[in-house]
1. Order A:180-192, B:15-27, B:50-62 from most to least packed using the mean count of other Cβ atoms within 10 Å.
2. Could you compute the net charge surrounding B:Gly122? Neighbours are other residues with a C-beta less than 14 Å from the C-beta of B:Gly122; K and R count +1, D and E count -1.
3. Report the paramagnetic label zone for B:Asp333: residues of segment B:227-255 whose backbone N is under 13 Å from a point 7 Å from Cα along the Cα-to-Cβ axis.
4. How large is the dipole of segment B:4-232 about the Cα centre if only Lys and Arg carry +1 and Asp and Glu carry -1, each at its Cβ, rounded to the nearest 20 debye?
5. Quantify how strongly other chains surround peptide A:215-227 by giving the mean number of their Cβ atoms within 10 Å of each of its Cβ atoms.
6. Post the alpha-carbon centroid distance, segment B:33-61 to segment A:217-237, in whole angstrom.
7. Excluding residues on the same chain fewer than 8 positions from B:Lys42, give the lysines whose Cα lies under 24 Å from its Cα.
8. Kindly state, to the nearest 0.05, the FRET efficiency for B:Lys177 paired with A:Trp305, given R0 = 51 Å and r defined as their beta-carbon distance.
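Every number in this text was worked out from the coordinates using simple rules, so none of it is lab data. Predicted model, so just to flag it, every value in this text is computed and none were measured. Using ideal geometry, Cβ is built from the backbone for each residue, glycine included, and neighbour counts are taken over all protein chains shown.
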Amino acid sequence: MAMTEQGAPTGRPNRPRVFWTMRRRQLLWVWGFLAVPVLFYGVIRFYPTGHAFWLSLTDWDLMSEPSFIGLDNYTRLFADPQFGRVFRNTFAYLIMGTPISLVLSFIIAYALDRVRFGHTFLRALYFLPFITTASAMAWVWRWFYQPAPIGVINDFLSGFGIPQLAFLNSTTWALPSIMVTAIWAGLGFQIIIFMAGLRAIPNTYYEAARIDGLGEWAILRRITLPLLKPTTVFLVVFSSIGFLRIFDQVYNMTTNDPGGPLGSTKPLVLMIYQTAFSSYEMGYAAAQTVVLFTILLVVSLLQLWILRERT
Amino acid sequence: MATIALRNLVKSYGKTDVIHGINLDIADGEFVVFVGPSGCGKSTTLRMIAGLEEISGGEILIGNEVVNELDPKRRNIAMVFQNYAIYPHMTVRQNIAFGLYTSPLSREEKDARVTEAATMLGLTALLDRRPAALSGGQRQRVAIGRAMVRDPAAFLFDEPLSNLDAQLRAQMRIEIKRLHQRLGTTIVYVTHDQVEAMTMADRIVVMRDGHILQSGTPTEIYEAPVNVFTAQFIGSPSMNLLPAAEVGGRIVAQSGGPLLVGLRPHDLVAGEGEGAFSISGEVTAVEPLGPETLVHFQTEGRTVIATAPARMVPAIGSTIQASAAAGALYLFDAKTEQAMGRR
Ligand SMILES: Nc1ncnc2c1ncn2[C@@H]1O[C@H](COP(=O)(O)OP(=O)(O)OP(=O)(O)O)[C@@H](O)[C@H]1O
Ligand SMILES: [Mg+2]
């Protein structure tokens with residue numbers, strides 16, 4: 001910089017020094033617009049998160065001042081038999097829910113993409129559950145799962161002479177039953193995103209593949225799925241986070257004994273909720289949220305790493 | 001290898017017809033070039049031959065078999081698209097090899113073909129790149145490579161050279177011609193570029209508004225265009241047209257005359273000369289090309305282009321005379337624009 005300024009008088013005329021250079025003006029605008037979200041995230045997101053980390057090291061119970069107890073909450077958590085159970089439940093939701101919901105929504109989106117007739121209506125139909133309140137939906141599904149004369153599913157099964165299933169009252173079937181509801185609730189959103197992804201693939205790729213002699217299945221495997229990968233990665237991460245944080249469906253479908261029967265459906269978020277708002281052990285609940293946070297972070301990063309673009 | 005025949009081929013989108021019942025017979029091993037202005041239906045015709053576009057009427061025969069209801073893959077045709085259509089998630093090598101996806105060849109044979117095609121197209125150094133890291137011309141060559149490795153009944157090319165620079169285009173023209181000579185496969189080739197059409201074609205098919213105006217060898221089209229449109233479309237710079245009349249056995253320029261006289265700029269020579277036809281006018285522009293100079297001048301309210309020897313560069317504003325020898329005049333009916341022979 002200095003050198004060009006020294007050279008300047010000989011060549012071109014000295015430009016007047018401006019304080020508001022183009023760069024400074026741009027920076028002003030950039031920071032002006034960034035200020036709002038930065039403040040928002042600082043106050044609403046990062047501060048509470050940081051605070052939770054600190055609380056997890058205390059014995060706060062809402063009544064007295066929190067006092068520092070080191071890692072006691074964590075040692076207690078990892079020794080807690082309930083935690084092991086909740087941990088397994090949470091991962092059951094994740095490991096079954098994410099693949100099933102993704103495969104289902106892809107199949108539906110793929111089919112819808114080819115339908116020319118009533119396309120908008122069908123799409124709206126699939127999207128409806130996504131905008132319905134979780135509690136209303138959960139109650140409808142509770143009704144579906146009731147014993148024979150009332151519950152449609154058992155009614156249907158008994159029509160074929162199949163014995164009654166206890167669904168929500170069975171320790172084996174309650175978790176899958178709730179998962180079905182959760183999958184159904186999230187399906188609409190995933191379908192819309194998959195359809196947008198499918199639409200974005202130019203038609204000539206398919207035409208070229210057809211000319212090269214590929215069948216439908218080969219086109220799906222060699223062209224559609226690879227080109228849809230960015231969409232799929234997004235949905236895998238998004239849906240995994242959703243299942244790891246599952247709460248609404250469980251809470252609303254097991255109101256008599258939240259997370260029951262016998263804790264067989266209880267996910268981590270429900271445990272946190274109960275620790276915080278039934279037992280008022282805020283420090284302990286904070287430690288649990290920190291664990292949840294870590295799990296979310298690790299799972300998301302792991303998925304992004306596994307599904308990264310290899311060149 | 002196969003013949004291709006179009007019989008009263010019609011294509012309509014809803015109520016609008018874009019191809020109006022065209023007929024064409026392409027011999028086995030023939031190199032046919034479709035030319036015509038943008039939107040005249042060249043791509044549509046090609047896509048119907050490939051099986052990508054449904055046929056609204058008429059028939060397409062490939063090797064004497066009606067293929068109207070046949071899937072593209074069962075027609076055994078290779079196609080290079082106007083917008084390349086090479087897959088972004090595959091390397092250049094994989095893209096080219098994709099043409100052999102259904103081929104029963106062994107892995108070694110496939111590799112050998114890919115290598116051969118890459119060498120011919122100058123892509124050897126780029127084989128492991130993704131299309132995102134290629135220039136437009138390189139992508140187009142990959143698309144050509146994907147078609148080349150196959151052994152199809154016919155090749156269809158939709159403006160394959162449109163994104164290349166002049167030098168590469170000239171080179172690729174030769175490569176495609178050589179490919180044709182080596183394989184002897186039937187080729188249907190679409191282009192805007194009349195130089196491409198003239199240099200590559202065994203036969204040129206001139207299209208306009210979904211009709212075939214004329215089909216013939218490049219020389220036939222150049223020497224005996226059937227109407228004004230074809231005459232002006234083929235040849236560069238394009239043919240001059242002047243209203244004319246026949247007076248005492250001679251053709252003379254005359255505004256409002258019953259004839260149109262067509263003169264190729266190369267036949268209209270500037271300078272004092274006795275010819276079958278001569279005109280004069282005020283020079284408006286000159287384009288020295290090296291071996292010769294193109295002189296634009298104004299006559300009968302129209303701009304006419306004549307050629308002058310290289311060293312003769314007339315001043316703008318000066319009056320110039322130009323004449324054409326006997327046999328160089330193309331006559332057309334002024335009303336119907338149909339050809340009336342040469343004089
Ligand atoms: N899907 C469609 N619906 C309606 N009209 C169409 C459709 N596709 C093409 N057309 C029309 O068909 C005509 C022929 O199109 P085509 O693509 O064959 O032109 P082209 O000769 O290849 O032109 P270019 O040289 O610009 O590629 C055009 O007038 C175009 O507007
Ligand atoms: Mg076209």
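1. Top of the packing list down: A:180-192, B:50-62, B:15-27.
2. +2
3. Taking a point 7 Å out along Cα→Cβ of B:Asp333, the residues of segment B:227-255 whose backbone N falls under 13 Å are B:227-228.
4. 700
5. If you average over the peptide's residues, the count of other-chain Cβ atoms is 2.
6. 32
7. B:Lys11, B:Lys15, B:Lys73, B:Lys177
8. Efficiency, from the Cβ-Cβ distance: 0.50.
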